[in-house]
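Heads up, the thing below is written out as structure tokens.
The values are calculated or read from the model by the stated rules, or taken from the named source; none is laboratory data. For clarity, every value in this text was computed on a predicted model and none was experimentally measured. Neighbour counts run over all protein chains shown; Cβ positions are idealised from the backbone, glycine included. Remember, those area values only see protein heavy atoms, side chains included, never the ligands or the DNA or RNA. Shrake-Rupley method; radii C 1.70, N 1.55, O 1.52, S 1.80 Å.
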Amino acid sequence: METQCSSFRFDVLAESDNARRGRFYTSRGTVDTPAFMPVGTQGTVKAMTPENLKNTGAQIILSNTYHLHLRPGEDLIETIGGLHKFMAWDGPILTDSGGYQVFSLAKLRKITDDGIEFQSHIDGSTRCLTPEKAVQIQEKLGSDIMMVLDECVPYPCSEEQAFNAVKRTSFWAKRCVNARHGENALFGIVQGGVFRNLREMSAVQISELGFDGIAVGGLSVGESHDTMMEVLEYTLPLLPSDRPHYLMGVGTPLDIVEAVARGIDMFDCVLPTRNARNGQLFTWKGKITLKQAKYKLEKGPPDESCTCYTCRNFSLAYLRHLFMSGEILSSVLATMHNLHFYLELMLKMRHSVENQYFDKLRSSIKEMYND
RNA sequence: GGAGGGGUUCCCGAGUGGCUAAAGGGAGCAGACUGUAAAUCUGCCGGCGAAGCCUUCGGUGGUUCGAAUCCACCCCCCUCCA
């Protein structure tokens with residue numbers, strides 16, 4: 001079954017063991033992999049202007065179907081000219097389907113085979129999201145890469161629950177394939193919790209549907225790093241090697257490097273942006289918690305070796321002051337830095353795979369971020 | 001000089017006899033954050049510690065089994081009237 005109808009294309013350019021360096025092409029630009037997608041749930045990567053984002057090195061960002069559907073609504077965005085124009089980001093956008101909200105907003109929803117019935121977290125109104133609706137919304141938004149609606153189960157969960165989610169996710173995946181009309185790329189999602197048999201079943205079923213890319217979902221929901229890696233080890237070999245592999249919602253620098261080592265090409269995660277707002281910086285020397293008293297008089301930047309705007313211009317003492325004072329600029333500068341760090345990490349990984357020193361980079365990240 | 005109000009643990013501020021090492025804020029200190037209901041949340045916040053003990057509510061002295069809380073005097077501060 002071949003359903004690919006978009007102009008989306010993916011090439012693997014170099015490999016180092018299981019790690020891949022590649023590139024995919026969309027009508028709005030090319031993206032080098034391994035890639036990190038900053039998260040812009042509500043049509044904005046918090047605290048960043050699109051110009052800021054470009055300067056951090058971001059080539060693609062992620063946005064969210066569920067949230068934009070509730071507010072301001074896909075029809076409004078379509079009327080204004082689509083999500084790219086609406087938010088003034090002209091690069092590629094991948095939109096998550098809302099499947100994760102099934103997990104994160106678990107108290108507000110009910111799942112049936114037809115779809116998800118949920119209560120809006122904004123006004124309490126009852127809404128329904130079906131696989132077809134998820135695709136329709138994403139097409140109206142003008143998404144470059146759409147995600148199928150999936151069911152993400154919590155951790156821990158029973159094998160039966162995970163099995164049902166796999167069945168439903170496959171069923172919904174087919175309906176998403178049938179519902180697409182336009183040129184937008186569409187990625188399938190593998191589920192299965194931490195059960196090898198279920199992951200394998202899901203990987204095979206999803207891979208058969210001819211998606212432009214395959215995502216591994218349902219991870220980083222509470223399981224350990226090692227467990228996550230085990231799941232990747234037995235799942236990735238079953239995915240088509242000529243399509244990008246996207247690990248959803250991951251992760252820490254260590255998670256990301258270790259996932260690349262196992263064959264993942266794409267990531268998204270709120271950690272660099274959320275933790276920035278909460279006063280935590282990722283650096284090449286490890287994490288920095290801005291509020292710690294030891295930085296009160298620190299004249300140097302967060303990271304001497306970092307070339308981001310924040311590190312080139314500001315002392316830790318000042319950044320700490322901004323955070324302690326609750327100043328808006330704290331979020332801006334910290335987010336700029338963290339995204340720069342994440343995107344530089346991806347750049348280094350691409351370079352290291354091309355030049356066969358990936359293992360060296362991998363072990364240095366392991367040293368800094370082994371907690 | 002007269003009339004009233006008040007001094008509480010770093011700060012603000014509750015507390016009018018035992019349930020009070022003392023509400024609640026703030027500040028401070030520390031931790032968490034993984035397809036964002038997050039510029040959010042959690043913990044600690046007199047001292048030593050296992051229970052428990054010791055010190056603390058302007059000062060001193062009383063009343064009481066028991067006092068931040070009641071009484072006496074003293075020291076400060078604020079408002080109003082002369």
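Sorting check: for A:95-105, A:354-364, which peptide has the highest mean count of neighbouring beta carbons within 10 Å, and how do the rest follow? Please list the in-between numbers first.
Numbers: A:95-105: 23.5, A:354-364: 14.5.
Result, highest mean Cβ count within 10 Å first: A:95-105, A:354-364.
For n ≥ 4 DSSP H runs only, could you compute -39500 (n - 2.57) per run for chain A, divide by its residues and tell me the 222 nm figure to the nearest 500?
Dividing the helical sum by the residues of chain A leaves -12500 deg cm²/dmol.
Kirkwood Rh over Cα pairs of the range A:205-250 into Stokes-Einstein at 37 °C, 0.692 mPa s: D in µm²/s?
Stokes-Einstein gives a translational diffusion coefficient of 292 µm²/s.
If you line up the long axis of helix A:131-141 against the longest principal axis of chain A, both from Cα atoms, how many degrees apart are they, to the nearest 10?
Once rounded, the angle reads 50 degrees.
Which of the lysines could a cross-linker bridge to A:K54, judged by Cα under 21 Å and excluding same-chain residues fewer than eight apart?
A:K46, A:K85, A:K348
From largest accessible area down, sort A:Y234, A:Y66; use a 1.4 Å probe on the protein chains. Don't skip to the end; give the middle numbers.
Values: A:Y234 30, A:Y66 10 Å².
Listed by decreasing accessible area, they come as A:Y234, A:Y66.
Assuming 1.306 mPa s and 10 °C, estimate D for chain A with Stokes-Einstein, Rh taken as the Kirkwood radius over Cα pairs, in µm²/s.
76
Enumerate the lysines that A:K294 could reach by cross-link, defined here as Cα to Cα under 16 Å, with residues fewer than 8 away along the same chain left out.
The reachable lysines, counting only those whose Cα sits under 16 Å from A:K294, are A:K285.
Quick check: residue separation of A:D371 and A:D75 times 0.36 nm, minus the Cα distance between them. What number comes out in nm?
102.1 nm
How are the alpha carbon pair distances in the range A:176-226 distributed across 5 Å bins from zero to the largest one, expressed in percent?
4, 19, 25, 20, 15, 10, 4, 2
Using every alpha carbon pair in the range A:154-297, what percent of pairs falls into each 10 Å bin from 0 up to the bin containing the largest distance?
Histogram of Cα-Cα distances, whole percents per bin: 11, 36, 30, 15, 6, 2, 0.
Quick one: angle between helix A:328-354 and the longest Cα principal axis of chain A, in degrees between 0 and 90, rounded to 10, please.
The helix A:328-354 is inclined about 70 degrees to chain A.
Taking the radius of gyration and the Kirkwood hydrodynamic radius from Cα positions alone, what is the Rg/Rh ratio for the range A:12-77, to two decimal places?
My calculation of the ratio gives 1.08.
With all protein chains present and a 1.4 Å probe, how do A:T44, A:T273 order by accessible area, largest first? Present the calculation step by step, with values, prior to reporting the outcome.
Values: A:T44 60, A:T273 5 Å².
In descending accessible area the options line up as A:T44, A:T273.
Tell me the carbon and sulfur percent of the accessible area for chain A, rounded to whole percent, probe radius 1.4 Å.
Whole-percent figure for carbon plus sulfur exposure: 49.
Quick one: accessible area per residue over chain A, 1.4 Å probe, rounded to a whole number of Å²?
Averaged over the residues of chain A, the accessible area is 41 Å².
How much of the pair distance distribution for the range A:1-139 lies past 24 Å, counting alpha-carbon pairs only, in percent?
Working: 3932 of 9591 pairs.
That fraction is 41 percent.
Roughly speaking, what is the centre-to-centre gap between the range A:186-221 and the range A:298-371 when only Cα atoms are used, to the nearest Å?
Going from one Cα centre to the other spans 32 Å.
Return the inverse of the average 1/r over all pairs of distinct C-alpha atoms in the range A:75-225, which is the Kirkwood hydrodynamic radius, in Å to one decimal.
Numbers: mean 1/r = 0.0630 Å⁻¹.
Answer for the range A:75-225: a Kirkwood hydrodynamic radius of 15.9 Å.
Looking only at A:N313, A:N197, A:N184, which one moves most when chain A is put into a Gaussian network model with springs between Cα atoms under 10 Å?
Maximum fluctuation in the GNM of chain A, among the listed residues, is at A:N313.
Mind checking which aspartates and glutamates have their Cα closer than 18 Å to the Cα of A:K360? Skip sequence neighbours fewer than 8 apart in that chain.
Qualifying aspartates and glutamates at Cα under 18 Å: A:E15, A:D17, A:D255, A:E258, A:E344.
Can you sort A:S331, A:S352, A:S325 by 1.4 Å-probe accessible area, starting with the largest?
A:S325, A:S331, A:S352
In 5 Å bins starting at 0, how do the alpha-carbon pair distances of the range A:245-371 split up by percent?
For the range A:245-371, the binned pair fractions read 2, 11, 21, 23, 18, 13, 8, 4, 1, 0 percent.
If you take the Cα Rg of the range A:88-154 and divide it by 2.2 N^0.38 Å, with N the number of residues, what do you get?
1.16
So for the pair A:A317, A:Q292, with labels modelled 7 Å out along Cα→Cβ, what separation do we get in nm?
With each label placed 7 Å out from Cα toward Cβ, I get 1.9 nm.
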